[in-house]
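A quick write-up on the structure given underneath.
The values are calculated or read from the model by the stated rules, or taken from the named source; none is laboratory data. Owing to the predicted nature of the structure, the values given are computational and were not obtained by experimental measurement. Cβ sites come from the backbone with ideal geometry, for glycine too, and all protein chains shown count toward neighbours. Protein only, heavy atoms only, side chains kept; ligands, DNA and RNA dropped before computing areas. Shrake-Rupley method; radii C 1.70, N 1.55, O 1.52, S 1.80 Å.
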Amino acid sequence: MIDVIIIGAGPSGTAAAYALASAGHRVLIADRHAFPRKKACAGGVTPKALALFPYDISHLVLRTCRQVKIIRPGGGTLMVADKDPLCYMVQRKDLDQYSLNRAMTAGAQFRIIDKVISLDQADASLGGGVRLTVSENGKKQCLTAGFLIGADGANSTIRRLITGREHIPGGHPDRILKYPALEADVKVADPLAYPMAFDFSQRIRGYYWMFPRNDHVNIGVYAADAGMRLERKMLEMYAKAHFGHARLEAVKGYPIGVGARLGGGVSEGYGAVLLAGDAAGLAEPLLGEGIYAALKSGQLAAAAIDRALKRPSNALSLYHASLSRLRLDLWFYHRTAGLMYRFPRACLNFARIPLLLRPFSRGYAAGKALSQILLPFQKHLLRYK
């Protein structure tokens, strides 16, 4: 019998698979795609996310950024800089392939499935195991395991299956918000001539970005508004203004899963099923960064299941307790995002003050959580949602 099934082979799924397989458990990780596969993602890895990888990924880094250009409403600029790196640029398809390979080397099995059809739990209240029906090469297959980790993104099928009324007596779907993002690659003569940039001057509740790579610049737009529609012409106009042409490649849109309610109100699982990463709404809403939370929640889910497999205990309760620090950090992100997108000009003018800018740059480069960096300003953030 399989100990753990993991649906989704992105950062949260492979982080969990690597940890569990390394601990000697029988792990099956399944995804709808063969790898490598093109993954819609800007590909920025923060210092705190990099520190979570249990193996070296330095060979995947295309560029190390020690300064970030912030374009303020009205067109003024602000440079965030530090002697230590602020961000590492990678290609997500390469990162995901390498992480999956490491999980498989540790002992995890990998299967490609068409879709998840149904999910049943022997005794969900006690975590009594799961029975998963999937379609594989057009045929139904039944998979059973002691535990299941749903790491299948913001549009998680696993979350939908466990939060429906028919699965939780008297319950209802614990919805997450899905903030939209749209990205594209733009070929330019000298990508390294462009700094990593976040542009808040475009009069949207969100921002545009420019992430330079080795042979192109990745541009995109993020909306901190679940109801906003992003269109290709927005990126075409932006590329034309900054690069002189609008020849876009690899245009992709995708949702980012953030918590619909603050203070940990997102669904983290039910019974023997744990949700991780965007499937649990754990991306931060300020910039939409999700790799850190994906890795952290995947590892925490694995640790909870590892303990439950070794000594009978409630894995979901252990997982919920272990997420407390991450939920605290997300609380700060929610408050900061509420303030930032309500008063962007004032916030970015305030951010220019050296007494704030220097600690933020140093803290971010050191891999500190936002809750650690902004703790002195907590009383001001309490007013905003």
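For segment 337-352, a residue qualifies if it is open to solvent by 70 Å² or more (accessible area, probe 1.4 Å) and either touching a helix residue (DSSP H, G or I) at 6+ places or on another chain (Cβ under 8 Å) or within 18 Å of L370 (Cα to Cα) (or both), and the qualifying residues are F350, R352. Summed over segment 145-180, the residues that are modelled with pLDDT of 80 or more, surrounded by fewer than 18 Cβ atoms within 10 Å (Cβ to Cβ) and farther than 21 Å from C41 by Cα give a count of 1. Do we find a residue being of a type outside the set (K, R), under 22 Å from G206 (Cα atoms) and outside any strand (DSSP E or B) anywhere in segment 294-313? Within segment 294-313 (the criterion being of a type outside the set (K, R), under 22 Å from G206 (Cα atoms) and outside any strand (DSSP E or B)), the answer is yes, since at least one residue qualifies. L28: part of a loop (DSSP other than H, G, I, E, B) and closer than 20 Å to L295 by Cα, yes or no? In short, no.
Residues checked against (1) more than 24 Å from I2 (Cα to Cα); (2) out of contact with any Asp or Glu (no Cβ under 7 Å at 6 or more places or on another chain):
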| residue | (1), (2) |
| --- | --- |
| L287 | yes, yes |
| S297 | no, yes |
| L300 | no, yes |
| I305 | no, yes |
| K310 | no, yes |
| S317 | no, yes |
| H320 | no, no |
| L326 | yes, yes |
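Of all residues in segment 361-370, those being assigned to a helix (DSSP H, G or I), touching a Leu at 6+ places or on another chain (Cβ under 9 Å) and at pLDDT 70 or above number 4. Being crowded, with 24+ Cβ neighbours inside 10 Å and assigned to a helix (DSSP H, G or I) is the filter here; which residues of segment 4-20 pass it? Within segment 4-20, P11, S12, G13, T14, A15, A16, A17, Y18, L20 meet the criteria. Every test in (1) under 18 Å from E183 (Cβ atoms); (2) under 20 Å from the mean Cα position of the chain (by Cα); (3) assigned to a helix (DSSP H, G or I) is passed by G220 save one, and that test is (3).
Residue-wise test of (1) open to solvent by 50 Å² or more (accessible area, probe 1.4 Å); (2) modelled with pLDDT of 90 or more; (3) over 30 Å from R358 (Cβ atoms).
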residue: I57; (1), (2), (3): no, yes, no
residue: T64; (1), (2), (3): yes, yes, no
residue: I71; (1), (2), (3): no, yes, no
residue: D84; (1), (2), (3): yes, no, no
residue: C87; (1), (2), (3): no, yes, no
residue: V90; (1), (2), (3): no, yes, no
residue: L95; (1), (2), (3): no, yes, yes
residue: N101; (1), (2), (3): yes, yes, yes
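Return yes when S135 is open to solvent by less than 20 Å² (accessible area, probe 1.4 Å), more than 24 Å from H25 (Cβ to Cβ), small (G, A, S) and touching a residue at least 12 places away in the same chain (Cβ under 8 Å) and no when it is not. Considered against the rule, which asks whether it is open to solvent by less than 20 Å² (accessible area, probe 1.4 Å), more than 24 Å from H25 (Cβ to Cβ), small (G, A, S) and touching a residue at least 12 places away in the same chain (Cβ under 8 Å), S135 comes out as yes. The residue that is farthest from the chain's Cα centre (by Cα), among those in segment 182-212 that are closer than 19 Å to R92 by Cα, buried (at least 18 other Cβ atoms within 10 Å of the Cβ) and among the charged types (D, E, K, R), is D185.
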